[in-house]
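Written below as structure tokens is the structure these notes are about.
The values are calculated or read from the model by the stated rules, or taken from the named source; none is laboratory data. Here the structure is a predicted model, which is why all the values come from computation and not from measurement. Neighbour counts run over all protein chains shown; Cβ positions are idealised from the backbone, glycine included. The area values use the complete protein model at the heavy-atom level, side chains included, leaving out ligands, DNA and RNA. Shrake-Rupley method; radii C 1.70, N 1.55, O 1.52, S 1.80 Å.
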Amino acid sequence: MNPPPDRSIPTRQIVGGGPRVSLLGMTVTVPSIPSPVADRSIVERLRTSRRAGVSTFDVAGAVQPDRAERLVAQAFPQPDSDLVVIVGRTRDDLVPQDEDQRRSVPRESSAVDRLRFSLEGSRRRLHPHGPGVVEWISSANDPPTLRGPAPLGPASTASVLWFRNIDDLGPDSPVFPEGGHDPLRVAGALSLLEPRLVRRFEDPDRGASVSVLARDPFAGGRLDGTRFSHGGLERSPDRGPTRLRDLESEFAPVLGLAFLTEGRHRTLAQTALRYSAHWPWVASVLVPLPSADRIVEVLGTFGTPVLTEEELRRLDRRPAGALSPSEAVRRHPLL
């Protein structure tokens with residue numbers, strides 16, 4: 001595994017006094033069945049990513065976050081002041097899961113105390129690191145104290161920075177409260193096939209107070225070739241084979257992106273990452289930890305050409321006279 005030159009990944013500052021994070025971040029995916037061989041491979045790929053300049057590692061998007069946290073600690077056993085770990089929390093995480101937790105966190109304890117205990121668990125598993133960012137995913141049934149950009153109030157936010165999931169805002173709700181100018185930190189899907197966040201944050205006057213963790217830049221594997229990487233293993237016995245008509249419908253939008261890879265200067269996966277990272281309000285683009293045969297490609301993204309204005313115009317397809325993506329970036333006050 002030959003990584004690109006050391007520290008080739010750019011960094012960006014999270015708004016509101018947050019840390020610098022790498023523009024490319026890795027979601028620590030783990031296999032459903034534990035395997036020492038698979039764990040060693042994950043650890044090696046994490047270290048390869050770190051040598052290339054990736055400093056942001058996400059376990060909020062992991063299916064088994066506890067295992068993912070332990071693998072991060074195994075990969076990086078020494079303190080690293082630049083390393084930022086993203087963890088996720090929901091209301092369910094505040095419910096004690098076993099007898100030890102129930103003894104340590106009495107039933108009558110406050111939600112703040114239970115959240116502190118939950119984050120302490122992550123801190124122990126991640127040692128010598130700790131959770132630097134918490135992505136909070138609320139639900140409509142949550143009480144008011146469990147909503148908002150910093151749930152549970154200042155008492156729960158020591159040493160961590162809060163992000164909300166963009167779905168919490170609702171598709172039609174205003175991104176910013178009327179007259180509000182506080183920093184907004186959110187996480188949500190952003191890709192060539194899912195560009196809705198571009199419309200929500202394109203105003204340069206407001207985009208300067210936004211930091212986004214861009215998830216799913218490969219649109220469920222359609223943009224990096226991993227959509228069918230597991231073959232039939234993910235299909236339940238009662239589903240049957242995938243119909244050609246469904247495949248045609250699913251991949252028709254991908255075929256329309258062929259112009260982005262003309263000249264073979266970058267792969268479609270690298271183009272997808274370039275697109276998500278293009279927007280100045282994106283703090284980090286979070287990708288599933290690539291396989292050993294793909295990691296050099298992903299880590300080499302920022303050595304490929306940036307998207308041109310013509311490419312962005314063809315992607316945008318908005319009415320003449322409207323603010324183009326490239327113009328929105330040029331007018332951004334942080335650039």
Label-point separation in nm, residue 40 to residue 264, each point 7 Å along Cα→Cβ: 3.5 nm
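Can you tell me how the stretch 8-57 classifies by the Cα gyration tensor, rounded, prolate or oblate, using a/c under 1.5 as the rounded cut? Please list the in-between numbers first.
Details: a/c = 4.30, a/b = 2.15, b/c = 2.00.
Prolate, because a/c is 1.5 or more and a/b exceeds b/c.
With a 10 Å radius around each residue's Cβ, average the other Cβ atoms per peptide and rank 122-132, 182-192, highest first.
Values: 122-132: 18.8, 182-192: 21.3.
For the peptides 122-132, 182-192, the packing ranking is 182-192, 122-132.
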Spin-label model distance (nm) - residue 81 vs residue 33, 7 Å beyond Cα toward Cβ: 4.5 nm
Inter-label distance, nm, simple model (7 Å from Cα along the C-beta direction), residue 13/residue 120: 3.4 nm
Nearest-10 value in Å² for the accessible area of residue 168, using the 1.4 Å probe: 40 Å²
